[in-house]
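The values are calculated or read from the model by the stated rules, or taken from the named source; none is laboratory data. Keep in mind that this is a model prediction, so the values were computed, not measured. We place every Cβ from the backbone using ideal geometry, glycine too, and count neighbours over all the protein chains shown.
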Amino acid sequence: MSSPSVNPSLERLRTPVQFLKGVGPQRAEKLAKLNIFTALDLLFFFPRDYQDVRDVIPIAQLVEDEIASVIGTVEEISLRNTAPGRSVLGVLIRSDEQYLRAIWFNQPFLRRRFSEGRRVLMSGKPTLNGLRWEMAHPIAEVLEDEQEEIGGKILPVYSLTEGIRQGAMRRLVHHAVEDYRKEIEEVLPQTFLDEHGLMPVHDAILQIHAPDDHDARAAAQRRFIYQELLVLQLALAVRRYQLTSNRHSMSIPIDGRIDERIRRLIPFELTEAQNQAVAEVTRDLALDVPMNRLLQGDVGSGKTIVALYAMLAAVAAGAQAALMAPTEVLARQHVRTLGKLLAKAKVNVGLLTGTLTEKQRRELLAQLAAGEVQLLVGTQAIIASEIEFHKLGLVVIDEQHKFGVKQRGQLRGAGLDPHYLVMTATPIPRTIAMSLFGDLDVSSIREAPPGRQPVHTYIGTEEEREKWWKFFRKKLREGRQGYVVAPLVDESSSADSASAEQLLETLSNGELEEFRLGLLHGRMSAEDKEETMRKFRAGEIQALVSTSVIEVGVDVPNAVVMTIEGGERFGLAQLHQLRGRISRGSHAGFLCIFADPKTDHSRERLEALAKSNDGFELAELDFRLRGPGDLFGFKQHGMPPLRIADLQRDGDLLEKARADARSIIAADPALADAKWEKLRRMVFIRYGKSLEIGDIA
Ligand code: ADP
Ligand code: MG
């Protein structure tokens, strides 16, 4: 698209990559697989790593166990199978009559990269095997001809695709940087660059691809990482501003009398952490601008009651409140809890789910419009139904991870906006919370209700199975109840349900044959699920065999034992959630996970779970174990993934970007100042849609 108003530099940067020096139609097709379509894409295709070849030394100068790089010619390649699925690849290189053997275990596919007579660079830790130098799993690179004369350089290492070699990729990027670098716009004002010590973009693009030294490389990376995080945090700050400015909500003041009336309905004393959260929520509710608050707390920390307190406060102020849960089972559980609290009060609670008949649904909507139903509980059907409330004051979203950023805004409606309270299922790592929920204020509950017993967690081996089931049966005979979680197969298919059905079959003819068992899985109708849950709560079912649908929120305090099969297939947060089902009452919980951990990470995950009951700690650990580049919910939340920033590594820059973004927006909420024009455009192009922010400048 060309129009006279478009910046000619931008036009040039949109040149299809095919027309760039050294590319052509065939390579363009291959680059497309790496999402490189234009000159701009190639410039911003940053190295995934660097190889420091300034320290290439002759093989004769290697020192045992000291990491070094050597260059040599491939003399001999051998690939041996040592056992089924096991192999050893050896590549012997020679230089000045000195030899070194590089070895790779179980990576036979690397064989293709080498051929005899080619020159290769190997970097790694050398060891002496007899008289011969060896390197196990070195970084290896087949050198292109013109790279013969390497010296004094830090080479970029790019991600590749079939048919494009490292050397070729380096050349393509090199030409693109030479020819197009100057066309890139500097989106940050000079004064801003100076104040924050950021490298200007033209230097940064050069130094990130062809660094002079490590300091220059680090400065270049820092500039792009910071910029990416700043753009995200600006978008969130704009959203936060737009969610509150020029928007009005009903003020819901809570005086001592109302507070006392609400607390009288609650059958226990709130913990200090809960009281703190209640105080933060009520302070927000009293204002006539919408609350946008995230309530995070560990599984079983008692978030629900904080939400119910806020809902009752809304009703006391003459408003309606809606509570949205991720599943029908949970929605019904909330209705029951509310029903108990409100047994003596004259408050009507409605339940809206996808399984209402058309007639029931119409009736309920009419009652909501007339204000006869003050509290509405439901599933996502609440959003889908285009409800006209009489006077909606508050929306609570439970177990947020199932809802996207967008859905948060959908009950906004004309006139007054409701207050929003969003609850997470498990604690979220700090940097994630700052990114995915950066537009919200945060309350955290870090303390469990009194008398809560920790869950004893075991990782069971096959030999221990019999012993464990014996213990499980003992607990059931004592009158306690239990869960058995079937291996996760594929949440989106019927395979999960089949796996649970099969497990039920096995158990009812084996380990648990003397007990009353029930089945719960995603393919059952809502009525069947509800009936099963009723029986389980009533103790008619002693052990519930299920898929991970019990993961969120289900609250049956008498259930204290749990077996998880196929534990290696679940994530750490998910396992912690599941475990949360058996730490609800005053009896100690016991969990045994049978697993076949295939990787060190899955073993580490399981061990961490056995060691710690602290969801906040586990969330951070899980995040670290997932490794860099894990999108952790960005996609699920409909947000574009970060390209260079890494929320694990770049926490400090994130804090800085957030503080800077907030102060920029506080001074200039619409980024209207001319100096922000380019940055503003970038913010809205990247996040306008996903964060539903409007460009108001
Ligand atoms: P979650 O934060 O996981 O949603 P819930 O709100 O379901 O946890 O609370 C877990 C259990 O703890 C419920 O049975 C609830 O009634 C109970 N509970 C919550 N707060 C307290 C408290 N202050 N004292 C005693 N029990 C509490
Ligand atoms: Mg809950």
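Does region 264-271 contain at least one residue that is hydrophobic (A, V, I, L, M, F, W, C), within 11 Å of ligand 1 (Cβ to nearest atom), under 28 Å from Gly451 (Cα atoms) and modelled with pLDDT of 95 or more? Yes: region 264-271 contains one or more residues that are hydrophobic (A, V, I, L, M, F, W, C), within 11 Å of ligand 1 (Cβ to nearest atom), under 28 Å from Gly451 (Cα atoms) and modelled with pLDDT of 95 or more.
Restricting region 525-577 to residues that are over 23 Å from Leu621 (Cα atoms) and small (Gly, Ala, Ser), the residue that is nearest to ligand 1 (Cβ to nearest atom) is Ala559.
Taking region 667-679, which residues are assigned to a helix (DSSP H, G or I) and in contact (Cβ under 8 Å) with a residue 60 or more places away in the chain? Scanning region 667-679 gives Lys675, Trp676, Lys678, Leu679. Going residue by residue through region 245-252, is there one that turns out to be out of contact with any Lys or Arg (no Cβ under 9 Å at 6 or more places or on another chain), crowded, with 21+ Cβ neighbours inside 10 Å and modelled with pLDDT of 95 or more? Taking every residue of region 245-252 in turn, at least one turns out to be out of contact with any Lys or Arg (no Cβ under 9 Å at 6 or more places or on another chain), crowded, with 21+ Cβ neighbours inside 10 Å and modelled with pLDDT of 95 or more. Checked against the criteria, Lys340 does not count as surrounded by fewer than 16 Cβ atoms within 10 Å (Cβ to Cβ), farther than 17 Å from Tyr309 by Cβ and modelled with pLDDT of 90 or more.
Looking across region 416-452 at every residue that is polar (S, T, N, Q) and within 16 Å of ligand 2 (Cβ to nearest atom), the one that is farthest from Ile582 (Cα to Cα) is identified as Ser443. None of Met533, Met524 is within 16 Å of ligand 2 (Cβ to nearest atom) and over 24 Å from His456 (Cβ atoms) except Met533.
Beta carbons closer than 7 Å, at least 6 apart along the sequence or on distinct chains, pair a first residue in region 177-205 that is outside the structural domain of Phe44 (by TED's automatic domain parsing) and within 11 Å of Arg223 (Cβ to Cβ) with a second that is small (Gly, Ala, Ser) and modelled with pLDDT of 95 or more for Met199/Ala219; Met199/Ala220; Ala204/Ala220. For a quick check of your reading of the model, give me the residue pairs whose first member lies in region 317-340 and is within 11 Å of Leu352 (Cα to Cα) and within 15 Å of ligand 2 (Cβ to nearest atom), whose second is at pLDDT below 90 and of a type in the set (Phe, Trp, Tyr), with beta-carbon atoms closer than 8 Å and at least 6 apart or on different chains. What qualifies is Met324/Phe403. For Arg534, the test of being surrounded by fewer than 23 Cβ atoms within 10 Å (Cβ to Cβ) and either not assigned by TED's automatic domain parsing to the domain that holds Ala486 or not small (Gly, Ala, Ser) (or both) is passed.
Within region 578-602, the set of residues being part of a loop (DSSP other than H, G, I, E, B) and either within 11 Å of ligand 1 (Cβ to nearest atom) or among the small types (Gly, Ala, Ser) (or both) comprises Arg581, Ser583, Arg584, Gly585, Ser586, Ala588, Ala595. When restricted to residues that are surrounded by 19 or more Cβ atoms within 10 Å (Cβ to Cβ) and modelled with pLDDT of 90 or more, region 366-397 contains 14. Starting from region 423-450, take each residue that is at pLDDT 85 or above and list its partners that are within 16 Å of ligand 1 (Cβ to nearest atom) and among the polar types (S, T, N, Q), counting only C-beta distances under 6 angstrom and pairs at least six apart or across chains. Taking only residues 6 or more apart or on different chains, the pairs are Thr424/Gln296; Thr424/Gln400; Pro427/Gln296; Ser444/Gln296; Ile445/Ser301; Glu447/Thr271; Ala448/Ser301; Pro449/Thr271. Regarding region 678-696, can at least one residue be identified that is surrounded by 14 or more Cβ atoms within 10 Å (Cβ to Cβ), farther than 14 Å from Leu234 by Cα and at pLDDT 90 or above? No: zero hits.
Of the set (1) in a loop (DSSP other than H, G, I, E, B); (2) touching a residue at least 24 places away in the same chain (Cβ under 8 Å), all apply to Arg649 but (2).
Looking across Lys470, Lys475, one residue alone is of a type in the set (D, E, K, R), at pLDDT 95 or above, away from ligand 1 (no atom under 16 Å from the Cβ) and surrounded by fewer than 16 Cβ atoms within 10 Å (Cβ to Cβ). It is Lys470.
Just one of the numbered conditions (1) within 16 Å of ligand 1 (Cβ to nearest atom); (2) within 20 Å of Trp676 (Cβ to Cβ); (3) of a type in the set (Val, Ile, Thr) is not true of Val201: (1).
Against the list (1) at pLDDT below 95; (2) under 35 Å from the mean Cα position of the chain (by Cα), the condition Gly350 fails is (1). Within region 281-303, the residues that satisfy the criterion of being charged (D, E, K, R) and within 16 Å of ligand 1 (Cβ to nearest atom) are Arg293, Asp298, Lys303.
Figure legend. Inter-residue proximity from region 553-566: first residues within 14 Å of ligand 2 (Cβ to nearest atom), second residues of a type in the set (Phe, Trp, Tyr), beta-carbon distance below 8 Å, spacing 6+ or different chains. Indicated pairs: Val556/Phe536. Can we say Thr327 is within 28 Å of Ile582 (Cα to Cα), more than 16 Å from ligand 1 (Cβ to nearest atom), in the same structural domain as Met423 (by TED's automatic domain parsing) and not acidic (Asp, Glu)? Criteria not met by Thr327.
Against the definition (surrounded by fewer than 24 Cβ atoms within 10 Å (Cβ to Cβ), more than 16 Å from ligand 2 (Cβ to nearest atom) and more than 23 Å from Arg626 (Cα to Cα)), how does Phe594 come out, yes or no? It is false that Phe594 is surrounded by fewer than 24 Cβ atoms within 10 Å (Cβ to Cβ), more than 16 Å from ligand 2 (Cβ to nearest atom) and more than 23 Å from Arg626 (Cα to Cα). Of all residues in region 221-229, none are more than 16 Å from Leu653 (Cβ to Cβ) and touching a helix residue (DSSP H, G or I) at 6+ places or on another chain (Cβ under 7 Å).
Could you check, for region 30-50, whether at least one of its residues is without any contact (Cβ under 8 Å) to a residue 40 or more places away in the chain and in a helix (DSSP H, G or I)? So far as region 30-50 goes, yes, one or more of its residues are without any contact (Cβ under 8 Å) to a residue 40 or more places away in the chain and in a helix (DSSP H, G or I).
What are the residues in region 330-356 that are of a type in the set (D, E, K, R) and away from ligand 1 (no atom under 16 Å from the Cβ), if any? Lys344, Lys346, listed by residue number.
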